[in-house]
Amino acid sequence: MNTHPPLSNIQTRDVEALLHPYTPLHKLRENGPTVIERGKGVYVYDTRGKEYIEGMSGLWCAGLGFGEEELVEAATEQMRTLPYYHLFGAKGMEPAIELAEKLKEIAPVPISKVFFTSSGSEANDTQVKLAWYMNNALGRPKKKKIISRQKAYHGVTIMSASLTGLPYNHMGWDLPVDRVLHTDCPHFYRFGQEGESEAEFTARIVKSLSDLIEREGPDTIAAMIAEPVMGAGGVIVPPAGYYAAIKAVLDQHDIILIDDEVINGFGRTGEWWGCQSLGMTPTTISAAKQMTAAYAPLGAVMVPEDIYQAYVDHSAKIGTFGHGFTYGGHPLGCALGVKAIEIYQKRDIIGHVRKLAPVFAARMDRVAKHPLVGEARYCGLMGGVELVADKATKRPFDPKSGVGPQVARILEGHGAILRAIGDTIALCPPMVITEAELTELFDRLEKGLADAEAWVAKAGLRTT
Ligand code: PLP
């Protein structure tokens with residue numbers, strides 16, 4: 001029996017016209033989409049007038065919340081002055097120049113050049129092409145494989161989805177392509193072995209990386225890509241010392257480290273960049289999302305001088321640098337990027353994140369005690385609440401019972417938009433959230449967890 005209310009007119013138009021990303025298509029018509037109409041601050045409102053705290057900043061991106069007038073003004077002004085231009089064929093325009101300058105200023109390592117894309121996926125796709133281009137330029141045509149990690153998320157284009165280490169991005173899509181290798185996920189709670197300390201776990205997975213490189217041949221491996229805190233794999237914070245140990249292995253074999261800052265960047269972890277919070281030293285960087293506070297699409301790849309010089313040499317040999325996107329460096333996105341960084345700086349958003357991080361941490365630690373919660377992990381203002389069938393043994397729920405998505409629906413009922421990643425509920429509120437709003441978000445989460453516990457018990461999902 002269908003217990004859902006009938007779809008409204010706009011919900012019907014939605015299911016008749018749209019193919020929704022990351023949505024169980026077979027259930028959409030039954031459950032109906034939540035159609036969002038407007039947003040203000042950390043709140044969004046659906047077409048029925050219901051208010052939600054947007055606890056995910058949309059897709060980890062709207063860090064300044066909704067309805068930020070300074071961004072709206074910057075966008076309007078740019079649209080009036082120059083609504084479109086590009087950087088192909090040696091054309092330039094000030095918004096792209098200014099944003100590249102700002103990125104160089106705030107970069108965590110010395111950066112020489114910035115290449116703009118339209119998205120995070122395109123940035124990571126570009127990273128792979130650039131690593132290949134560089135090694136061709138350096139006369140190392142065999143050095144082309146890229147190492148990623150299980151549970152990584154790097155996007156959905158053919159290459160970036162191949163780098164992604166999640167089964168549903170590969171199954172049914174004929175992916176990953178070759179040249180991509182996946183090493184261990186640095187998640188101690190899930191993958192630590194019986195009796196193993198966190199330090200032993202780290203040493204084991206670093207050794208496993210080293211073994212993989214030896215097995216494949218160091219002269220066949222160009223790069224490793226990593227998000228400092230893994231986001232869409234379930235907000236996984238690697239153990240202390242992990243990145244320093246990984247970097248030592250990579251350096252030994254002349255393998256570059258691509259830092260995917262698409263979620264972590266621009267203050268989310270309490271520093272400008274996740275790599276600074278996690279002790280990671282990147283070679284190149286991908287950025288997107290909070291770069292424009294999500295008010296327009298934009299991605300970026302940042303590279304150091306020596307790597308740039310290799311492109312220059314190769315371009316001289318071939319005749320040009322044959323890569324670029326029509327909307328890479330779109331003036332609207334770049335003007336918004338410049339303004340967003342200015343706001344992050346003048347309002348000290350990173351200081352605000354640091355001030356709220358202990359409040360976030362204390363509430364996450366409280367959530368961790370809930371009987372349904374196996375682990376509540378966090379860094380800065382991002383967190384993941386992993387739901388388990390058995391807290392003592394960490395036994396997960398049967399994936400077929402769809403506990404995560406059901407809990408996310410319950411939470412929506414309580415006015416909290418959070419994201420289910422399998423059975424992990426992710427939190428990533430706008431960085432401008434106030435302490436009172438953050439408290440309210442966690443109160444709604446706790447109410448949802450209480451309902452979820454009753455639902456799980458009624459459905460008999462915790463029995464073996
Ligand atoms: N890299 C990371 C770490 C991401 O989280 C995402 C998206 O969530 C991407 C890359 C892909 O970005 P986009 O969706 O803009 O293509």
For S162, S57, S401, which order do you get if you count the other beta carbons within 10 Å of each Cβ and list the fewest first? S401, S162, S57
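What percent do you get for the relative contact order of region 238-311 when only Cα pairs under 8 Å and 6+ apart count?
On the way: 97 pairs, mean separation 19.7, N = 74.
Rounded, it is 27 percent for region 238-311.
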Place the peptides 68-79, 439-450 in order of packing, highest mean first, counting for every residue the other Cβ atoms within 10 Å and averaging per peptide. 439-450, 68-79
Arranged from highest to lowest average of other beta-carbon atoms within 10 Å per residue, in what order do the peptides 43-54, 254-265, 194-205 appear? 254-265, 43-54, 194-205
The ³J(HN,Hα) series, computed from each phi in region 192-206 with the Karplus coefficients 6.51, -1.76 and 1.60 at θ = phi - 60°, rounded to the nearest Hz and given as x for glycine or proline, is x, 8, 3, x, 8, 7, 5, 5, 5, 4, 4, 4, 5, 6, 5
May I ask for the net charge around P110, where only other residues with Cβ less than 9 Å from the Cβ of P110 are counted and Lys, Arg are +1 while Asp, Glu are -1? 0
Taking a cut-off of 12 Å between Cα atoms, list the aspartates and glutamates near K50, but don't count ones fewer than 8 places away on the same chain. E37, E412
Taking 7 Å along the Cα-to-C-beta vector as the label spot, tell me the M171-L25 distance in nanometres, rounded to one decimal. 1.6
Need the full-extension length gain, K394 to D451, defined as separation in residues times 0.36 nm minus the C-alpha distance. One decimal, nm. 18.4 nm
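Taking 0.36 nm per residue of separation and subtracting the Cα-Cα distance, what length does fully extending A248 through E16 add?
Numbers: separation 232, 0.36 × 232 = 83.52 nm, distance 5.29 nm.
Result: 78.2 nm gained on full extension.
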Quick one: Karplus J couplings for region 339-349, per residue in order, coefficients 6.51, -1.76, 1.60, θ = phi - 60°, nearest Hz, x for Gly and Pro? 5, 4, 5, 4, 5, 4, 6, 6, 9, 6, 5
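How high is the relative contact order of region 77-215, in percent, with contacts defined as C-alpha pairs under 8 Å that are six or more residues apart? Numbers along the way, then the final one.
Numbers: 133 pairs, mean separation 19.4, N = 139.
Taking the mean separation of contacting Cα pairs over the length of region 77-215, I get 14 percent.
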For the chain, percent of DSSP beta bridges that are antiparallel (nearest 5) comes out at 65
Neighbourhood charge, 14 Å Cβ-Cβ cut-off, centred on Y43 and excluding it, Lys, Arg +1 and Asp, Glu -1: -4
Would you mind ranking I146, I318 by Cβ crowding within 10 Å, fewest neighbours first? I318, I146
Within straight-line cross-link reach of K400, lysines at Cα separation under 27 Å, skipping those fewer than 8 residues along the same chain: K27, K151, K369, K391, K447, K458
Over the chain, what is the relative contact order in whole percent, taking alpha-carbon pairs under 8 Å and six or more residues apart? 19
For M56, what residues show an amide H to amide H distance below 5 Å, using hydrogens built from the backbone and excluding near sequence neighbours? C428
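I need the calculated FRET efficiency for the pair K91 and E196, taking r as the beta carbon distance and R₀ as 45 Å, to the nearest 0.05. The partial results should precede the final answer.
Working: r = 56 Å, r/R0 = 1.24.
Computed FRET efficiency for K91 and E196 comes out at 0.20.
Every read-out reported here was derived from the displayed coordinates using simple, explicitly stated rules and does not represent laboratory data. Because the structure is a prediction, the values reported are computed rather than measured. Here the Cβ is made from the backbone with ideal geometry for all residues, glycine too, and neighbour counts use every protein chain on show.
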